[in-house]
Structure formats: structure tokens, C-alpha cells
Ligand SMILES: [Zn+2]
Ligand SMILES: [Zn+2]
């Protein structure tokens, strides 16, 4: 109520000042008009820029200066009046004025301090509106309401005559003597307090209204700036944020759900907006959380927006490879060897670290590498290798281990959506799965090459291509440019090594260099010739029909006969992955090609 009266009084006085000023101005003008006869009238359309400026200056700025001069004049008159007061009255006024000033400033400060943590909740998101959009206005309104209440309340302050008089007036003591003595102090304190409260009321109201208007103006300007910055921040965020894939449901998305580190609330849409341009306040009102990639949003724990499973990293650059192979083709040994070698390459580099997820899978792979005994895999697995520069998770190399039985039966435990977004495909072929190679092996070594009979790699590839075409929406005749590396495994076995071992390939290339474009081409052609010879060329022909980027690599995933119980000694397992990465992921490609050099030296 008192606040309202204050506002009305201020507006009325301003109007009064304006009216007085207008009258004085009109009078002055009339006097001037008498002196200067026949003044030209102003015609707006004929004015040029300079004249327009001069007019604005005259109409607005001159008016303001006039008002200021007018106020100054009356303040000086009041000051002159004050000087005529008897000195004891002046002293009383000054003595009361000092605590009044302290009361005004502390009311203002306490009002702001008490409301510093008030934020307006967004109706749809688990976030507060940002200070510059709505919460600032809320804090401003409430802090001035509190400040006004404190200003007109004489009871609370200790540095105040009014406050001391109030306390003294309410002091209860049984001692009559003390009460008598205190009553002597009460009367002057009450008089000084009364004058102090008049000062507080007049100057405090003007002070708070002026600051309120100033803050309102600043908030308006910052709100306008914020409205411009929101789309700008969104554009940058959209450029930086990467498409990622859920390792649990294979869904593709670019904005995960983020978890508040303080209260665990899940933020489904943590992007720049009315809740913040760079940081947003969580609805728990305890923390600001980054709401854009470049302020560290990806450091927050995140969830898949589709299945709500926990993600290993938020917004890393994905590099996904589908790994396939027939039963006992050595696919598990290949994965184990590649993961082991890649880890040692990264450890050697020391500029980054990697984290294998899920932990259990990577532990198993490491055990397999050292024990040399490949375990039977019975589930489709995903190996995520998260690359970390400090705390920053930049890249995610994902290996999708795909079981042949699911491809052949065309019944997947989870949708094989990832075929569609894989950056490359690796197919592991075991030449020993061909019966006549098995026979040759038995003739030479006197033992069986492998325990189980052959498996139909070709049937698996036909089914895979069918599924791949369905997922990618390819019709016949359209080719996919994603790289496919076909691995001829087990080049540690003599009968294979003699045909496609790297020494053989190099020798053949040296013998007849003109027959090949380069050593790589020689490797490819010699491997193709070998697959033709053993009757597996259909597999490659089927792949060639749909993929335009196919290369064949001779490898030995285990480095020796499997189940020997010796630590793997892999040969050539990094090269196919490096070749795929070169076509799509520069950072991982760089790491892999330096890895290939490091391992071959
Ligand atoms: Zn929170
Ligand atoms: Zn998911």
C-alpha cells in the first residue's frame, strides 16, 4: 500500500515538475516570439538528415536538459533554504540523514540478496527460465517489493534511530530506575527516528524507483540480445553436434537426453533457448548445466532418447564397422587381436586414452588374446572404443560383431539397423572352411584342419546383401560406396601362406611389376586369384555386385593354429581397419596408420 502511495506521489511530482517546466518554456517562447517576428514554419518532408537531427536534438535532448536544469534550479533553491536553517536544526537533519541513507542502501541490498536464488520454472522442461528472459524480471520484481517493505519498516535496522527507539520502547525491565533513565534516551531517539523515516520515505522511494527503472531497462536490452543469441547458439550447436547411434537399440539421433549431475533429472531437450544460451539452471535449482556442445554439455552423463539406456559418451564422432564371418572363421580372434593391438598403439601415443565399453567384453577380449583360446560367441555384441583427450570424449570406434546364424536365418535378436549406418564392413573368410583345402591340409599335416565341417559363407553374404539393400532402400543396380574389407584369414597355415602370404605377394609383384598398378593392387589380385582357385570367388563377386569399394587382405588373426593355448601373434589385422578409416574418419585413420607403422617396425 505504502509502495503504491510512493509511486503515485513520485508520478504526481514528476507531472508537476513537467507542468511547471512547460509553463516556463511557453513563457520564454512567447517572450522570444515577441522579439523575433515572422518565424518560418517547419515542414517535415522537406527536411534533410541534418535538419532532422537538429530537430530531434531540439525536441528530445533539449527538453531533457531543460528538465534537468529545472530540477537543478529547485534543488539549489531547497539547498539555499536549508542553509538558512538554524545550525541546531541543520545538525539534527544531517544526523538523521546518515542512518536514513544506510537504511535505504541496506533495504535495497537485502531485497536483492534475499531473492538472488528465485528462478521461474519452465512449464514443459525440467529447467528454469534464464535470468535474461524471465527469471531476472521475477528477481527484480520480488527484490524491489522486499526492498520497499524494508524501507518503510522502522523496526528491523540496528543502525537506525527509528530502530533503536523501537527496541527501547519495547524493552521490558522490572527495574523502575532503569526504565526511568531509558525514557530519557527514548524521546530524542524517537524524534531523530521520525526525521530519519521521513528522509527514508522520500529519498528511498526515489532511489528504489530509479534503480528499478534502470534495471528494467538493462533487462530489456539483455533480453533483446538473448533473443538474438539463442538462434545463433543453436546454429553453432547444430554444426558441432554429431549424429550418434545407441549401442542398445541401434537408434540414430543427434541429441541424447542429459542427466543433471546434482539431482539426476533427465533433460530431454537441453539446447539453447529461453532457459539459457550457454548454460541452463536445472529445475532442482542447485546447478547450472551446459546446454550447448561448446560449453561442455557432452561431459554430462547421457541417455538414449529412444530406449533410455545409458550412453557411453554424448556426441562423440562415431566410426562404426560391421564385422562378419562364418563359424570358426576367426572373427573372434580378429576382434580380440585388433582390440589388443589398438590399445597398445594408443598407449604408446600417450596423447589420448581409450575406454572399452562394456568393460566385461573388453576384459574377455584381452583374456582371449593372452590365453590364445577363442571363446564361442553366442550373442551379437557391440564393442565401443571411446577416445578421450583429457576428459573430452571425441570419437567412438564401434565394432558390431554380427553372428552368422542370425544373418543366415534372417532373424535378428535386435533389428540390424546398424548395417545402414556402418562406415565399413569387414568379412572374415577362412580358406580352411573349403573342403578341398581341408583335404590338402590333412594330406600335408596328417591332422584335420578344423573340427567342424565347412560353413556356407556365400549363403551368409547373399542374405546379408538382401538385408542391407532392404535397410538402405537400395534397388537393383545401385551401388554402395562404403568400403568392404574381405579378410583371408589363417595365412599362418602353410598351404594358405604359400599362396597369399605377404612374402609370396611381394615376390610375385617383384617378378612381374608391370602386371599390377602397385603392391596393393598385386595383393588384391593375387588374393582374388586364390579365392577363385579354392572356389570362394562367388563370395567376392556377390559383394562386388553391390559394393563399389572392395579390398582383400591376407591376415592371421591368431598368428598360429587356434586352440594352441599360446598368446595370439596377429599379422595384418590393423591394415583393413586403417583402410576403412581412411575413407571416412580422418582422426581414427591417422591413429590407425601410425599404428600399422608402429606394429610393423
Ligand atoms: Zn538438477
Ligand atoms: Zn537406445
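Okay, residues lined up against (1) surrounded by 13 or more Cβ atoms within 10 Å (Cβ to Cβ); (2) part of a loop (DSSP other than H, G, I, E, B); (3) modelled with pLDDT of 90 or more; (4) not assigned by TED's automatic domain parsing to the domain that holds residue 577:
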residue: 486; (1), (2), (3), (4): yes, no, yes, no
residue: 497; (1), (2), (3), (4): yes, no, no, no
residue: 542; (1), (2), (3), (4): yes, no, no, no
residue: 545; (1), (2), (3), (4): no, no, no, no
residue: 562; (1), (2), (3), (4): yes, yes, no, no
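Looking only at residues in region 297-311 that are crowded, with 20+ Cβ neighbours inside 10 Å and in a loop (DSSP other than H, G, I, E, B), the one that is nearest to ligand 2 (Cβ to nearest atom) is 304.
Does residue 320 qualify as being within 16 Å of ligand 2 (Cβ to nearest atom) and in contact with a strand residue (DSSP E or B) (Cβ under 9 Å, 6 or more places away or on another chain)? So residue 320 fits the description; yes.
Can you find even one residue in region 178-185 that is part of a helix (DSSP H, G or I), in contact (Cβ under 8 Å) with a residue 12 or more places away in the chain and farther than 28 Å from residue 110 by Cβ? Scanning region 178-185 turns up at least one residue that is part of a helix (DSSP H, G or I), in contact (Cβ under 8 Å) with a residue 12 or more places away in the chain and farther than 28 Å from residue 110 by Cβ. Does residue 206 satisfy being within 25 Å of residue 288 (Cα to Cα) and either surrounded by fewer than 19 Cβ atoms within 10 Å (Cβ to Cβ) or within 16 Å of ligand 1 (Cβ to nearest atom) (or both)? When the stated conditions are applied, residue 206 does not pass them. Within the set 406, 441, 464, the sole residue that is assigned to a helix (DSSP H, G or I), over 36 Å from the mean Cα position of the chain (by Cα) and modelled with pLDDT of 85 or more turns out to be 464. On the stretch given as region 364-391, residues that are surrounded by fewer than 14 Cβ atoms within 10 Å (Cβ to Cβ) and farther than 30 Å from residue 410 by Cα total 5. Residue 349 meets the conditions (1) in the same structural domain as residue 385 (by TED's automatic domain parsing); (2) over 30 Å from residue 488 (Cβ atoms) in every case but one. The failed one is (2).
All conditions but one from (1) over 13 Å from residue 342 (Cα atoms); (2) not in a strand (DSSP E or B) apply to residue 553; the one that does not is (2). Is at least one residue of region 508-515 in contact (Cβ under 8 Å) with a residue 24 or more places away in the chain and either out of contact with any strand residue (DSSP E or B) (no Cβ under 8 Å at 6 or more places or on another chain) or under 29 Å from residue 418 (Cβ atoms) (or both)? No, region 508-515 contains no residue that is in contact (Cβ under 8 Å) with a residue 24 or more places away in the chain and either out of contact with any strand residue (DSSP E or B) (no Cβ under 8 Å at 6 or more places or on another chain) or under 29 Å from residue 418 (Cβ atoms) (or both). Scanning region 151-185 for residues being surrounded by 17 or more Cβ atoms within 10 Å (Cβ to Cβ), touching a helix residue (DSSP H, G or I) at 6+ places or on another chain (Cβ under 7 Å) and either more than 19 Å from residue 204 (Cα to Cα) or not assigned by TED's automatic domain parsing to the domain that holds residue 102 (or both) gives a total of 2. Among residues of region 123-142 that are under 24 Å from residue 261 (Cα atoms), those with a beta-carbon under 8 Å from a residue that is within 16 Å of ligand 1 (Cβ to nearest atom) and part of a helix (DSSP H, G or I) at least six positions away or on a different chain give the pairs 128/135; 129/135.
Selection within region 519-539: residues that are in contact (Cβ under 8 Å) with a residue 40 or more places away in the chain and out of contact with any helix residue (DSSP H, G or I) (no Cβ under 6 Å at 6 or more places or on another chain). The member of this set that is farthest from residue 428 (Cα to Cα) is 535. None of 271, 235 is without any contact (Cβ under 8 Å) to a residue 12 or more places away in the chain, away from ligand 1 (no atom under 11 Å from the Cβ) and over 25 Å from residue 398 (Cα atoms) except 235.
Can you tell me which of 247, 256 is free of Cβ contacts under 8 Å to residues at least 60 places away in the same chain and away from ligand 1 (no atom under 16 Å from the Cβ)? Every option except 256 fails the conditions.
Tallying residues that are more than 22 Å from residue 391 (Cα to Cα) and part of a loop (DSSP other than H, G, I, E, B) within region 327-373 yields 6.
The values are calculated or read from the model by the stated rules, or taken from the named source; none is laboratory data. Note that this is a predicted model, so its numbers are computed, not measured. Every residue, glycine as well, gets a Cβ built from its backbone with ideal geometry; the counts of neighbours run over all protein chains shown.
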